[in-house]
Amino acid sequence: MNAAHPPYVPRHRKTTELLVVHCSATRPTLDIGVKDITQWHRQRGFDTVGYHYVIRRNGEVQTGRPESAIGAHVKGHNANSIGVCLAGGVDATGKPENNFTSEQFAALRGLLEQLGTRYPDARILGHRDLSPDRNGDGVISSSEFIKACPSFDVRAWLKRYT
């Protein structure tokens, strides 16, 4: 056992109000999964991977934290949300880019449908949509995003499939 990282013991969520879509902020040539993100998150001091699910470039859905556990994926909202991360999201220079594969989008759609069945009152949105409304106009615009994550408008994407 690694003394720097004792065994992960999950704390469980009491409510699930949000399903939050993220990106790994990696180039499309880097096919990463739960194992890689777990290593990165542990280097940042997390107990384990912060996301509940990771969707690889080929559309494979990998399980991270137990679905019932509190995540570590969006400050201020971990106790009431499930985090889903898509591998990719930046271009070769590190700028935000919607470079996800059709397999990833198909897997995301299927996973969100399943989660929506289990948590019918949960809102689905992107990490960037939880940025503060700095000008107080009731709309979080691109100039207010703390991060561009997941590099596309989740709500607009959802409207095309509902």
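Residue by residue through the stretch 52-65, note down the ones that are modelled with pLDDT of 95 or more, in a loop (DSSP other than H, G, I, E, B) and not acidic (Asp, Glu).
Looking only at the stretch 52-65, we keep the residues that are modelled with pLDDT of 95 or more, and these are 52-64.
Next, from what is left, pick out any that are in a loop (DSSP other than H, G, I, E, B): 52, 56-60, 64.
Once the filter is applied, which keeps residues that are modelled with pLDDT of 95 or more, in a loop (DSSP other than H, G, I, E, B) and not acidic (Asp, Glu), the stretch 52-65 yields His52, Arg56, Arg57, Asn58, Gly59, Gly64.
Can you name every residue in the stretch 21-50 that is assigned to a loop (DSSP other than H, G, I, E, B) and either more than 21 Å from Gly94 (Cα to Cα) or polar (S, T, N, Q) (or both)?
Ser24, Thr29, Gly45, Phe46, Asp47, Thr48, Val49, Gly50
Being in contact with a Lys or Arg (Cβ under 8 Å, 6 or more places away or on another chain) and either at pLDDT below 95 or farther than 16 Å from Gln104 by Cβ (or both) narrows it down to one of Gly71, Gly33, Gly76, Gly45, so name that one. I'd like the intermediate steps shown before the answer.
Values: Gly33 fails: either at pLDDT below 95 or farther than 16 Å from Gln104 by Cβ (or both); Gly76 fails: in contact with a Lys or Arg (Cβ under 8 Å, 6 or more places away or on another chain); Gly45 fails: in contact with a Lys or Arg (Cβ under 8 Å, 6 or more places away or on another chain).
Being in contact with a Lys or Arg (Cβ under 8 Å, 6 or more places away or on another chain) and either at pLDDT below 95 or farther than 16 Å from Gln104 by Cβ (or both) holds for just one of Gly71, Gly33, Gly76, Gly45, which is Gly71.
Six or more apart or on different chains, Cβ atoms under 6 Å: show the pairs whose first residue is in the stretch 107-129 and closer than 18 Å to Lys75 by Cα and whose second is among the acidic types (Asp, Glu) and part of a helix (DSSP H, G or I).
none
Which residues, taken from the stretch 76-115, are of a type in the set (Val, Ile, Thr) and surrounded by 19 or more Cβ atoms within 10 Å (Cβ to Cβ)? Reasoning before the result, please.
As a first pass, look at the stretch 76-115 and keep what is of a type in the set (Val, Ile, Thr): 82, 84, 90, 93, 101.
Hits for the stretch 76-115 are Ile82, Val84, Val90.
Considering every residue within the stretch 150-157, establish whether at least one is surrounded by fewer than 17 Cβ atoms within 10 Å (Cβ to Cβ) and either outside any loop (DSSP other than H, G, I, E, B) or at pLDDT 95 or above (or both). It would help to see each step written out before you state the result.
Keep residues of the stretch 150-157 that are surrounded by fewer than 17 Cβ atoms within 10 Å (Cβ to Cβ), which gives 153, 155-156.
Now drop any that are not either outside any loop (DSSP other than H, G, I, E, B) or at pLDDT 95 or above (or both), which leaves 155-156.
Looking through the stretch 150-157, at least one residue is surrounded by fewer than 17 Cβ atoms within 10 Å (Cβ to Cβ) and either outside any loop (DSSP other than H, G, I, E, B) or at pLDDT 95 or above (or both).
Using beta carbons and a limit of 9 Å, which pairs, at least six apart or on different chains, have the first residue in the stretch 41-70 and aromatic (Phe, Trp, Tyr) and surrounded by fewer than 20 Cβ atoms within 10 Å (Cβ to Cβ) and the second one at pLDDT below 95 and assigned to a helix (DSSP H, G or I)?
These pairs meet every condition: Phe46/Thr38; Phe46/Trp40.
With respect to Ala122, is the statement that it is under 18 Å from Glu17 (Cα atoms) and either modelled with pLDDT of 95 or more or in contact with a strand residue (DSSP E or B) (Cβ under 7 Å, 6 or more places away or on another chain) (or both) true? Walk me through how you get there before you give the answer.
On the way: under 18 Å from Glu17 (Cα atoms): yes; either modelled with pLDDT of 95 or more or in contact with a strand residue (DSSP E or B) (Cβ under 7 Å, 6 or more places away or on another chain) (or both): yes.
So Ala122 passes the test.
The values are calculated or read from the model by the stated rules, or taken from the named source; none is laboratory data. This one's a predicted model, so the numbers in the text were calculated from it and none came from an experiment. Cβ sites come from the backbone with ideal geometry, for glycine too, and all protein chains shown count toward neighbours.
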